[in-house]
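A.B. asks: Handing you a structure now.
The values are calculated or read from the model by the stated rules, or taken from the named source; none is laboratory data. Computed from a predicted model, the values in this text were never measured in an experiment. When we count neighbours, we look across all protein chains shown, and the Cβ atoms used for this are built from the backbone with ideal geometry, even at glycine.
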Amino acid sequence: MPIDPASRRQFLAFLAASPLAAAAGIDRDWLARLGSSTADDDAVLGAAESMSYRAAGTHAVLQPPLIANASDALDVFDFEGVAKQNIPVAHWGYLMTGTDDDGTIAANRAGFDRYTLKPRRLVDVSTIDASVSFYGTRYASPIVVNPLGSQKGFHKDGEIAVAKAAKAKDHLMVLSTVATTSIEDTIAARGGPVWFQLYHQSDWSITKQMVKRAERAGAPAIAFTVDLLGGSNRETMIREARKDTRDCIKCHLGGAPLPGVSGRVDDRDNRRKPNLVGYEKLPPQLEKGTPTWEFVDRLKQSTSMKVWLKGIVTQEDAALAVEHGVDGLFVSNHGGRAENSRRATIVSLPDVVQGTGGRIPVICDGGFRRGTDVFKAIALGATAAGIGRPYIWGLGAFGQEGVEAVLAILRKEFELTMKQSGTPTLKQISARHIAPA
Ligand SMILES: Cc1cc2nc3c(=O)[nH]c(=O)nc-3n(C[C@H](O)[C@H](O)[C@H](O)COP(=O)(O)O)c2cc1C
């Protein structure tokens, strides 16, 4: 539906006054000028809107035209509007929420603008190798399909579609504890190793059984998520859930999330969470307090899988992780859903890499939407980069085909950046290929 120029101008004026524009690195004076102009030039106003929306990389106040097919997409944002149309509003809120005012989501995106590219010329880039290897398996690209809960809430095929896309495009996939598909079925659909993300349970005997189950299923590594141990305040999720008129009790015990309740799926609500059920009723071993480094030691001792921590953002914790024998780190703020730190993960990355002293691999996630973002992370010392929402936009929009298209677009953009930068292999990408903005 065409949007009238007056509403467009109003929106641009609003955006010019909003901190979002600054956080997203958009020239606010330029927006203000457009907002107060009387021009009815649809193309100029539309481009400004689209740019603002894409740069912010978050809630679309106004959407670009929707694509009809996955193959029509030019970038990953093209899937967002279609997914929004298809996904029930409460689930959309769960996907898009950050914490408090969602400022850390914008910060994650804006962080990439702190770095510019310094491309080198006259290097033979006719052959590119973007592959990365973890524990004996080589993947075509360093773009990781990060763990993300409840995927059948976005598309009926959920994690199975994602696993098949990860197989088709040859990516590492990490499955969430609160997935709507079991680790066994996901590994079968992926046709290769899938890592398991771990949310600990209040009873250690259950946590241990979950870990053993992932090990038996063939997961080579677990990623223990440590960035939500104190809880999080997800206002956007609650606001969107209030707009949903469907009967939530059909799927969720207890119905829609209540104000002040994060909506986290716990033991009361595991009917659609196969990784949380089916464990032996052993004498409970209840945790005292929330996990500390002692828990990490226990985890390491309880499994032969590699143990990664997900949610490390400081040099100090990275150094401690190495001391405790951790095998790898995700630099992550849970896609802006943990504390509202307003510190981009790409900004935390160099600290973490320094803390590890290069002794263990690091995957950085949070706001990755472009191949250039991935390039900057590799240049700053990451082994790989993780994506969350973009592949769910693909899933919600077009199922497996959409996920495949998102992965293909990001890979194409990344490889183009490698070629243009004169870095035909990942090893060749260094801090010298970027500079502070
Ligand atoms: C809807 C949603 C659900 C998520 N569920 C999990 C989860 O179950 N376990 C986990 O460790 N991280 C989870 N994450 C965090 C992602 O693994 C990842 O850190 C984040 O999405 C990356 O940011 P991006 O969405 O901006 O790409 C979730 C993120 C979103 C958006």
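A.B. asks: Taking Arg359 as the residue in question, decide whether it is charged (D, E, K, R) and either at pLDDT below 95 or at positive phi (or both). Talk me through it step by step, then tell me what you get.
C.D. replies: Numbers: charged (D, E, K, R): yes; either at pLDDT below 95 or at positive phi (or both): no.
No, not satisfied.
A.B. asks: Of the residues that make up the range 217-237, is at least one in the same structural domain as Trp293 (by TED's automatic domain parsing), aromatic (Phe, Trp, Tyr) and either under 18 Å from Ile387 (Cα atoms) or not in a helix (DSSP H, G or I) (or both)?
C.D. replies: The answer is yes; a qualifying residue exists.
A.B. asks: Restricting the range 182-239 to residues that are buried (at least 18 other Cβ atoms within 10 Å of the Cβ), of a type in the set (Ser, Thr, Tyr) and more than 14 Å from the ligand (Cβ to nearest atom), which is nearest to the chain's Cα centre (by Cα)?
C.D. replies: In this case the residue turns out to be Ser182.
A.B. asks: Could you list, in sequence order, the residues of the range 295-325 that are surrounded by 24 or more Cβ atoms within 10 Å (Cβ to Cβ) and in a loop (DSSP other than H, G, I, E, B)?
C.D. replies: Ile312, Val313, listed by residue number.
A.B. asks: Please specify each residue of the range 70-118 satisfying the condition of being assigned to a loop (DSSP other than H, G, I, E, B), farther than 15 Å from Tyr391 by Cβ and charged (D, E, K, R). So that I can check it myself, show each step before the final result.
C.D. replies: In the first step, residues of the range 70-118 are kept if they are assigned to a loop (DSSP other than H, G, I, E, B); the result is 73-77, 87-88, 97-102, 118.
Checking the rest, the ones that are also farther than 15 Å from Tyr391 by Cβ come to 74, 88, 97-102, 118.
If the condition is that a residue be assigned to a loop (DSSP other than H, G, I, E, B), farther than 15 Å from Tyr391 by Cβ and charged (D, E, K, R), then Asp100, Asp101, Asp102, Lys118 are the ones that fit.
A.B. asks: Here's a follow-up. Among Ala344, Ala319, Ala338, which is the only one that is aliphatic (A, V, I, L, M), touching a Ser or Thr at 6+ places or on another chain (Cβ under 9 Å) and away from the ligand (no atom under 16 Å from the Cβ)?
C.D. replies: Values: Ala344 fails: away from the ligand (no atom under 16 Å from the Cβ); Ala338 fails: away from the ligand (no atom under 16 Å from the Cβ).
Within the list Ala344, Ala319, Ala338, the selection yields Ala319.
A.B. asks: Residues of the range 205-221 being farther than 15 Å from Leu276 by Cβ and in contact with a helix residue (DSSP H, G or I) (Cβ under 8 Å, 6 or more places away or on another chain), which ones?
C.D. replies: The initial filter retains those residues of the range 205-221 that are farther than 15 Å from Leu276 by Cβ, namely 215-216, 218-221.
Selection gives Gly218, Ala219.
A.B. asks: Have a look at Phe375, Phe368, Phe330, Phe295 and point out the one that is in contact with a Lys or Arg (Cβ under 7 Å, 6 or more places away or on another chain), of a type in the set (Phe, Trp, Tyr) and assigned by TED's automatic domain parsing to the domain that holds Ala219.
C.D. replies: Numbers: Phe375 fails: in contact with a Lys or Arg (Cβ under 7 Å, 6 or more places away or on another chain); Phe368 fails: in contact with a Lys or Arg (Cβ under 7 Å, 6 or more places away or on another chain); Phe295 fails: in contact with a Lys or Arg (Cβ under 7 Å, 6 or more places away or on another chain).
On inspection, the qualifying residue turns out to be Phe330.
A.B. asks: Report, by residue number, each residue of the range 379-423 that is away from the ligand (no atom under 16 Å from the Cβ) and among the hydrophobic types (A, V, I, L, M, F, W, C).
C.D. replies: Of everything in the range 379-423, those that are away from the ligand (no atom under 16 Å from the Cβ) and among the hydrophobic types (A, V, I, L, M, F, W, C) turn out to be Ala379, Leu380, Phe398, Ala405, Ala408, Leu416, Met418.
A.B. asks: Any idea how many residues of the range 131-161 are closer than 17 Å to Tyr94 by Cβ and more than 12 Å from the ligand (Cβ to nearest atom)? Break it down stepwise before answering.
C.D. replies: Taking the range 131-161 as the starting set, the residues that turn out to be closer than 17 Å to Tyr94 by Cβ are 146-156, 158-159.
From what's left, more than 12 Å from the ligand (Cβ to nearest atom): 152, 155-156, 158.
The number of residues fulfilling the criteria is 4.
A.B. asks: For the range 119-164, give me each residue that is out of contact with any strand residue (DSSP E or B) (no Cβ under 8 Å at 6 or more places or on another chain) and in a helix (DSSP H, G or I).
C.D. replies: Gln151, Lys152, Gly153, Gly158, Ile160, Ala161, Lys164
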